[in-house]
1. Looking for whichever is in contact with a helix residue (DSSP H, G or I) (Cβ under 8 Å, 6 or more places away or on another chain), surrounded by 14 or more Cβ atoms within 10 Å (Cβ to Cβ) and either not in a loop (DSSP other than H, G, I, E, B) or not charged (D, E, K, R) (or both) here; the options are A8, A65. Which one fits?
2. Being more than 12 Å from the chain's Cα centre (by Cα) and either among the charged types (D, E, K, R) or assigned to a helix (DSSP H, G or I) (or both) is the filter here, so list the residues in the stretch 46-55 that pass it.
3. Residues being free of Cβ contacts under 8 Å to residues at least 40 places away in the same chain and in a strand (DSSP E or B): count how many of those fall in the stretch 20-45.
4. Output the number of the condition that D58 fails; it satisfies all remaining conditions of (1) of a type in the set (D, E); (2) part of a helix (DSSP H, G or I); (3) farther than 17 Å from K12 by Cα.
Amino acid sequence: METLQYPARIRKDGGGFLVTFPDFPDAVTAGDTRKEALNNAVGSLMEVIAARIAHKDDVPSPSPARNHTPITLPPQSA
């Protein structure tokens with residue numbers, strides 16, 4: 001089963017962490033801790049991809065993770 005990994009940028013933001021995705025400028029999430037932000041990143045990524053599919057918009061292939069944190073989608077989502 002194929003897995004997809006999209007790069008994410010995680011940065012400190014106030015008292016928490018902000019996550020953005022170079023491949024999906026409209027996807028943004030956050031968390032109080034880095035771990036929470038990473039967990040939220042998976043859900044955010046799944047939601048933005050589902051919305052694009054529902055609207056028949058293109059879903060880009062993952063770009064290289066260069067200096068970004070790879071976020072792996074669950075196999076059933078890929």
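1. Details: A65 fails: in contact with a helix residue (DSSP H, G or I) (Cβ under 8 Å, 6 or more places away or on another chain).
None of the other options fit; the residue is A8.
2. First pass over the stretch 46-55, keeping only residues more than 12 Å from the chain's Cα centre (by Cα): 50-55.
Correct list: A50, A51, R52, I53, A54.
3. First, the residues of the stretch 20-45 that are free of Cβ contacts under 8 Å to residues at least 40 places away in the same chain: 20, 24-45.
Okay, now just the ones that are also in a strand (DSSP E or B), so 20, 24-31.
Count: 9.
4. Result: D58 fails condition (2) only.
Bear in mind that the values in this text are calculations on the coordinates, not laboratory data. These numbers come from a predicted model, not from an experiment. Cβ coordinates were reconstructed from backbone atoms using ideal geometry, including for glycine residues, and neighbour counts include every protein chain displayed.
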